[in-house]
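*Asks:* Take this structure, written in structure tokens, and hold onto it; I'll ask about it next.
Each reported figure results from applying straightforward, stated rules to the coordinates on display, with no laboratory input. What you see is a predicted model; the values in this text were computed from it and never measured. Quick reminder, even Gly has a Cβ in these numbers, built from the backbone with ideal geometry, and neighbours come from all protein chains shown.
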Amino acid sequence: MKSSEATLLHVCKAVNHITDSEALHSVITNSEIPVSIRVNPNKIQQTLPYEKVQWCSHGYYLPKRPIFTLDPLFHAGAYYVQEAASMFLEQIVAPYTYKPVKVFDVCAAPGGKSTHVISLLQRGSLLVANEVIRSRAHILSENIIKWGKSNCVVTNNDPKDFDFLSGFFDIVIVDAPCSGEGMFRKDVSTIQEWSPSHVDLCSKRQTRILHDVWNTLAPGGILIYSTCTFNEIENEDVVSDFIAQTGATCKQISFFQDWNITEHEKKGAVCYRFFPHKTKGEGFTISVICKHNGTEFEPPKRTPQAKNITIIPEKNRLHFSNLIQNYQSIVYERQKGIIWSFAKDYRKFLLDIYMHCNVIHAGIPLVHIQGHKLNPLPGLAFANSFNSTILPKLEVDLYTALRYFKKESLEISHMSKGWIQLTYKGVSIGFVKNIGNRANNPYPQEWSIKMNVHQNQMWSIL
Ligand code: SAM
């Protein structure tokens, strides 16, 4: 027997008391991998002609896996390719969004849960999305900027660095690094990397992360803990030990029986499992932990002094005030001449987080000031609050849109010189500067399409 087959059997058998492990094994070995996406409701309003993910208002299954890189709307943050099971997060978070809330996504890259949560939050809410691995934090930042919401901060820190935000958050999400059992069907390399000692190591790391961030949760708040594993060691055992040590309790989640989610309780830990033989998607386990007591947040007494940003005084803001609409914002300079905006209600918080954390981005990119010129930053094109009346617009075809995302210069002969906003299927995709014989393309190199674009492979979700 090949060693990966032995591993697979071992992992399936370990949950035989929770589900039919033979059926689980058979589906992991023999069935097709479902493909699912979650649409950005601020960019795509129409219903798509695909099977819905039952527990997510904007989730769909696609009939087969396309080359996502060759759809401009994938690059424009119009949808996110995400495991269907993970979209269950909506059922947990939605009841808390009747008022503005503050959310901390601790292990956030590449941004599946973060982009989902920000679409659920009310105006006036805040999301801090953190990722400890630097390269992954930049991918997270790109995905969040493209999703287009204004109220997000992306940081690149260790979970323990957030102690200065004691009692600050209403919801903390720990989508923990894990042994990856739930991904065995999708990524066979996870089978080879799996071992009992890795599970053990993961469970210790998961416990450490939970303890590191617990203090940041307000009393009365919830911590959502999830892994893409089936075993009890990384789920029930981590959660039950944690609630025993902290005096927390698990919350029960209601769901429709025909969603086929498996609820399992052990020593007070209540976990909800998505098994691939029962729900259409990969393996996933989630649990909700309620905090009953602890420190309430106390804002810093003195205004924090962040040295790396300068808030631009109200009287000097005139140049920037028409770039975004319907948005109570402050404007700040990050590096020389690079201007961003952030929610006014969170001015002190912005200074505080810049002082304590390695902030990758906060809010919405606006412009780069060069001499007397204001050049729009590429990320501004994706912002929902961008005031698109300020620039001439050009709707481009599929091939041109992909050339833009490949960072090629474009030919635009029939429009006047200067900055132009490009749209594809009505969705804003970026800016080019028309200089007459060609249009310069400022799309960031690190975000650009690296593969060749063959016209017969191009497609679009709309
Ligand atoms: N929440 C993400 C999403 O929905 O797209 C997926 C998160 S993934 C399951 C777990 C993340 O935890 C990875 O990005 C990984 O880099 C990060 N991670 C790894 N070790 C960590 C640690 N010691 N503390 C915090 N995060 C860690």
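*Asks:* Counting helices only, and only those DSSP H runs with n ≥ 4, report the 222 nm mean residue ellipticity of the chain as the sum of -39,500 (n - 2.57) divided by its residues, in deg cm²/dmol to the nearest 500.
*Replies:* Working: 11 runs with 106 residues, N = 462.
Roughly -6500 deg cm²/dmol at 222 nm, from the helical runs in the chain.
*Asks:* Oh, and also: With a/c under 1.5 counting as rounded, go ahead and sort the stretch 133-287 into rounded, prolate or oblate using the C-alpha gyration tensor (a ≥ b ≥ c being the square roots of the eigenvalues; past the cut-off, prolate if a/b is larger than b/c, else oblate).
*Replies:* Values: a/c = 1.39, a/b = 1.16, b/c = 1.20.
Here the stretch 133-287 falls in the rounded category.
*Asks:* Distance between the C-alpha centers of the stretch 398-435 and the stretch 196-264? Whole Å please.
*Replies:* Cα centroid to Cα centroid, the span is 46 Å.
*Asks:* Can you tell me the dipole magnitude for the chain around its Cα centre, using point charges on the Cβ only (Lys, Arg +1; Asp, Glu -1), in Debye to the nearest 20?
*Replies:* On the way: 48 positive and 41 negative charges, 393 e Å.
Here the chain has a charge dipole of around 1880 debye.
*Asks:* Please tell me the relative contact order of the chain in percent, rounded to the nearest whole number, where contacts are Cα pairs under 8 Å and at least six residues apart. Please report the intermediate quantities before stating the final value.
*Replies:* Numbers: 967 pairs, mean separation 68.9, N = 462.
Reported relative contact order: 15 percent.
*Asks:* Provide M87, M451, M458 in ascending order of the number of other Cβ atoms located within 10 Å of each residue's Cβ, fewest first.
*Replies:* Working: M87 25, M451 10, M458 16.
Fewest-to-most Cβ neighbours within 10 Å comes out as M451, M458, M87.
*Asks:* Here is a follow-up. Kindly provide the chymotrypsin sites (Phe, Trp or Tyr not before Pro) of the stretch 200-235 that DSSP labels as loop, not H, G, I, E or B, and whose Cβ sees at most 10 other Cβ atoms within 10 Å. Walk me through the numbers before you get to the answer.
*Replies:* Numbers: sites: W214, Y225, F230; in loops: F230.
In loop regions of the stretch 200-235 (DSSP not H, G, I, E or B), there are no sparsely surrounded chymotrypsin sites (Phe, Trp or Tyr not before Pro).
*Asks:* What spacing in nm lies between the two simple spin-label points modelled at L462 and I390, each 7 Å away from Cα in the Cβ direction?
*Replies:* 2.3 nm
*Asks:* If you average the C-alpha positions of the stretch 343-388 and of the stretch 281-311 separately, how far apart do those two centres end up, in angstrom?
*Replies:* Spelled out, the Cα-based centre of one part sits 21 Å from the other.
*Asks:* Then there is this: Which helices, counted as full DSSP H runs in the chain, have an axial Cα extent of no less than 18 Å and a Kyte-Doolittle average of -0.5 or above? Write down the numbers at each step before the final one.
*Replies:* Values: long enough: 134-147 (20 Å, -0.46); 196-214 (27 Å, -0.61).
For the chain, where a helix must reach 18 Å along its axis and average at least -0.5, the hits are 134-147.
*Asks:* Taking the mean number of other Cβ atoms within 10 Å as a proxy for protection, how do you rank 309-315, 395-401 from highest to lowest? Each step should come with its number before you reach the end.
*Replies:* Values: 309-315: 12.6, 395-401: 17.3.
Top of the packing list down: 395-401, 309-315.
*Asks:* Enumerate by residue number the GluC sites (Glu not before Pro) in the stretch 15-89 meeting two conditions: DSSP loop (anything except H, G, I, E, B), and at most 14 other Cβ atoms within 10 Å of the site's Cβ.
*Replies:* Those satisfying the criteria are E32.
*Asks:* Cα to Cα, under 18 Å, and not fewer than 8 places away if on the same chain: which lysines meet these conditions relative to K373?
*Replies:* Answer for K373, where 18 Å is the Cα cut-off: K336, K417, K433, listed by chain and number.
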